[in-house]
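Please read the structure below before turning to the comments.
We did not get these values from a lab; they are worked out from the coordinates using the rules stated. Just so we're clear, the structure is a prediction, and the values are computed from it rather than from any experiment. Using ideal geometry, Cβ is built from the backbone for each residue, glycine included, and neighbour counts are taken over all protein chains shown.
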Amino acid sequence: MTASGTLTRADLAESVNRHIGLSRAESAAIIESILEHMSAALERGENVKISSFGTFVLRDKTERMGRNPKTGVEVPIEPRRVLTFRASQTMRDRVAAS
């Protein structure tokens, strides 16, 4: 992991390189392929579930009224699709234990 505490694609590729022994280029290609498959599934409107990790869930939000906190004026918020992540119970337990 980088010094900023963020896990990057390069960190994932390096981990694959160390644990499986593939070249750096092959490891990076595998990570890119996995992320591309996940992105494509989400673009098609499918949820992505990774066992013992969590689920990326797409939700369609309807139009609603919001309020500008500075002026108090009500404005409509357009309908949109949002992506959320729901951690599995296994992941929640691991994070809570650390």
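A viscosity of 1.306 mPa s and a temperature of 10 °C, combined with the Kirkwood radius over Cα pairs in Stokes-Einstein, give a translational diffusion coefficient for the chain of 94 µm²/s. Projecting label points 7 angstrom from Cα along Cα→Cβ for residue 84 and residue 18 puts them 3.5 nm apart. The H on the amide N of residue 54, modeled in the peptide plane, is under 5 Å from the matching H of 88, each at least 5 residues off or on a different chain. Please list, by residue number, everything in region 72-98 whose backbone N is under 15 Å from a paramagnetic label point 7 Å out along Cα→Cβ of residue 61. Answer for region 72-98: 75-85. Largest mean-square fluctuation among 42, 58, 22, in a Gaussian network model of the chain whose springs join Cα atoms under 10 Å apart, belongs to 22. Among 36, 74, 63, which one shows the highest mean-square fluctuation when the chain is modelled as a Gaussian network with alpha-carbon springs under 10 Å? Judging by the Gaussian network model, the answer is 74. For region 47-98, the relative contact order is 40 percent, taking Cα pairs closer than 8 Å that sit 6 or more residues apart in sequence and dividing their mean separation by the residue count. Overall size of region 1-45 from C-alpha positions, given as principal axis extents largest first: 33, 26, 13 Å.
Within the listed set 41, 87, 25, the residue fluctuating most in the Gaussian network model of the chain (springs between alpha-carbon atoms under 10 angstrom) is 25.
Spherically averaged projected area of the convex hull of Cα atoms, region 47-98: 5.5 nm². Relative contact order, whole percent, for the chain stands at 18, derived from Cα pairs under 8 Å and 6 or more residues apart. Taking R0 as 22 Å, what FRET efficiency do you get between residue 96 and residue 11 from their Cβ-Cβ distance, rounded to the nearest 0.05? That pair, residue 96 with residue 11, gives E of 0.40.
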